[in-house]
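Please see the structure below; I have some questions.
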Amino acid sequence: MTHPMNAPAGTGPALNPCEPLSSFGWPRDPEFRAPIPPLCEPGRVVAAARGLALVRTAAGECLCTPSGRLRERLRAEGLTLCAGDWLVLRREPGDARALMVDLLPRGPSLTRQGPDGRPQCLAANLDVVLLVMGLDRDCNAARLERLLALAWGSGARPVVVLTKADLNDRVEAFAARMGGVAPGVQVLTVCAPTGLGVAEVRACLQGGLTGVLAGSSGAGKSTLLNALLGEAAQATRAVRDSDGRGRHTTTARELFPLPGGGCLIDTPGIREVGLLADGADLDGAFSEVAAFAGRCRFRDCAHESEPGCAVRKAVADGLLDAKRFGHFLQLRREVAFEAARTDERLRREREDKWRQISKAQKALRKR
Ligand SMILES: Nc1nc2c(ncn2[C@@H]2O[C@H](COP(=O)(O)OP(=O)(O)OP(=O)(O)O)[C@@H](O)[C@H]2O)c(=O)[nH]1
Ligand SMILES: [Mg+2]
Ligand SMILES: [Zn+2]
């Protein structure tokens, strides 16, 4: 069957039927109507590294290199391909490698501040962000607040998944506490050895949705993925006995289609530095603070010492949890710090550019 999107009028038969791609989430949503040019096909990035990408097309997986023009565009816009990206590919008959000719506009994506201070896309075109925390030692409110800020910033729906239910005898109390930190967010508990809760996670991705696993190393992300796949596709490793920390077993971000529909991107454990800034949404993560902030006297109230601050008043009146408000302030400081780092980088880049220009001008005058 030819997908309507792949059959522009008068271009003859499409190269590949797109039907099998539906299990990879194609088409992303009804408004996603990017036309695929003649003799091209859509594909989804399974994994990407150093400009190369392993891409899933209707015909199977293939290794792809970017066209010169796409490479140029990615460089100009500071973009790197990542798992979950949708691409336009062109393949000459008989070629083993396909050419990536275009990157389709990204939908909700998980981003973080990259090592160079630029935003870096970790996983693209998401419907659900699974915030994974282990009920052994990993699960706490502060960590969840960070993960939630990241998830709300992505634009995809967060779902909290508490793993290792077999290692905690107060599972319900923990789930309730995490539910309090994440008002309105679904909280699931799973136990990999017994398979408890795995079906509920699968249900979150029903209908060909795309999810990403986010959480610290050792939280049990890959173990959960394996349980959903019904096979040990991803390696997993025990956390260190000494401090309960993970060993960063997963090292690359990779997209897996799930039996029964939907796909899931496994990620390396997120180190919680540089997590925030651009990708963070504090109002989403602290919706109850945001609700009071609307009633502050000043629209740009920082809730510090301004008169008529409704947020401070709510804390004083016991309507807003003081600890939560403290976390809000702390995360806001971190976001501001990360943002300042980015500003500093931009300023330096601008200065460099002017230095180069004035050098070139001087050289011209000498001639
Ligand atoms: N008892 C128990 N152990 C679990 C459960 N889920 C995961 N584990 C164990 O926790 C350890 C870490 O699991 P991984 O799946 O490798 O963790 P990860 O989040 O993928 O870690 P990174 O890849 O380093 O980010 C492994 O030894 C798993 O067997 C569970 O439900 N119960
Ligand atoms: Mg892993
Ligand atoms: Zn205020």
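The values are calculated or read from the model by the stated rules, or taken from the named source; none is laboratory data. Just so it is clear, the model here is predicted, and its values are computed rather than measured. A quick note on method: Cβ atoms are made from the backbone with ideal geometry, for glycine too, and the neighbour counts reach across all protein chains shown. Heads up: the accessible areas ignore ligands, DNA and RNA and are worked out on the full protein's heavy atoms, side chains in. Shrake-Rupley method; radii C 1.70, N 1.55, O 1.52, S 1.80 Å.
Being open to solvent by less than 10 Å² (accessible area, probe 1.4 Å) and at pLDDT 95 or above is the requirement here; does V88 meet it?
When the stated conditions are applied, V88 does not pass them.
Any residue at all in the stretch 175-187 that is open to solvent by less than 10 Å² (accessible area, probe 1.4 Å), over 23 Å from G207 (Cα atoms) and under 15 Å from the mean Cα position of the chain (by Cα)?
Scanning the stretch 175-187, I find no residue that is open to solvent by less than 10 Å² (accessible area, probe 1.4 Å), over 23 Å from G207 (Cα atoms) and under 15 Å from the mean Cα position of the chain (by Cα), so the answer is no.
Select, from A238, A219, the only residue that is within 15 Å of ligand 2 (Cβ to nearest atom), assigned to a loop (DSSP other than H, G, I, E, B) and open to solvent by less than 10 Å² (accessible area, probe 1.4 Å).
Just one listed residue meets the conditions, A219.
Can you pull out the residues in the stretch 219-240 that are at positive phi and at pLDDT 90 or above?
G220
Right, something else. Looking only at the stretch 207-223, filter to residues that are more than 7 Å from ligand 1 (Cβ to nearest atom) and hydrophobic (A, V, I, L, M, F, W, C); which one of those is nearest to C263 (Cα to Cα)?
Checked the stretch 207-223; the qualifying residue nearest to C263 (Cα to Cα) is L209.
Answer yes or no: is there a residue in the stretch 243-252 that is in a loop (DSSP other than H, G, I, E, B), within 13 Å of ligand 2 (Cβ to nearest atom) and either of a type in the set (A, V, I, L, M, F, W, C) or modelled with pLDDT of 85 or more (or both).
Scanning the stretch 243-252 turns up at least one residue that is in a loop (DSSP other than H, G, I, E, B), within 13 Å of ligand 2 (Cβ to nearest atom) and either of a type in the set (A, V, I, L, M, F, W, C) or modelled with pLDDT of 85 or more (or both).
While we're on this one: Search the stretch 52-75 for residues that are closer than 11 Å to V101 by Cα and pair each with any residue that is of a type in the set (K, R) when their beta-carbon atoms are under 6 Å apart and the residues are at least 6 apart or on different chains.
Within 6 Å, the pairs are T65/R97.
Only one of these conditions is not met by G211: (1) over 18 Å from the mean Cα position of the chain (by Cα); (2) outside any loop (DSSP other than H, G, I, E, B); (3) not β-branched (V, I, T). Which number is it?
Single failed check for G211: (1).
Additional query: Show the residue pairs meeting these rules: Cβ distance below 8 Å; 6+ apart or different chains; first residue within the stretch 290-313 and within 16 Å of ligand 1 (Cβ to nearest atom); second residue modelled with pLDDT of 90 or more.
So the pair list comes out empty.
For (1) in the same structural domain as C204 (by TED's automatic domain parsing); (2) part of a loop (DSSP other than H, G, I, E, B); (3) out of contact with any Cys (no Cβ under 7 Å at 6 or more places or on another chain), each residue gets a yes or a no:
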residue: L122; (1), (2), (3): yes, no, no
residue: L126; (1), (2), (3): yes, yes, yes
residue: L130; (1), (2), (3): yes, no, yes
residue: L144; (1), (2), (3): yes, no, yes
residue: L147; (1), (2), (3): yes, no, yes
residue: E172; (1), (2), (3): yes, no, yes
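Are any of the residues in the stretch 142-164 within 16 Å of ligand 2 (Cβ to nearest atom), in contact (Cβ under 8 Å) with a residue 24 or more places away in the chain and surrounded by fewer than 19 Cβ atoms within 10 Å (Cβ to Cβ)?
Scanning the stretch 142-164, I find no residue that is within 16 Å of ligand 2 (Cβ to nearest atom), in contact (Cβ under 8 Å) with a residue 24 or more places away in the chain and surrounded by fewer than 19 Cβ atoms within 10 Å (Cβ to Cβ), so the answer is no.
Something else about it: Exactly one of (1) outside any strand (DSSP E or B); (2) of a type in the set (D, E, K, R); (3) more than 16 Å from ligand 2 (Cβ to nearest atom) is unmet by D138. Its number?
(3)
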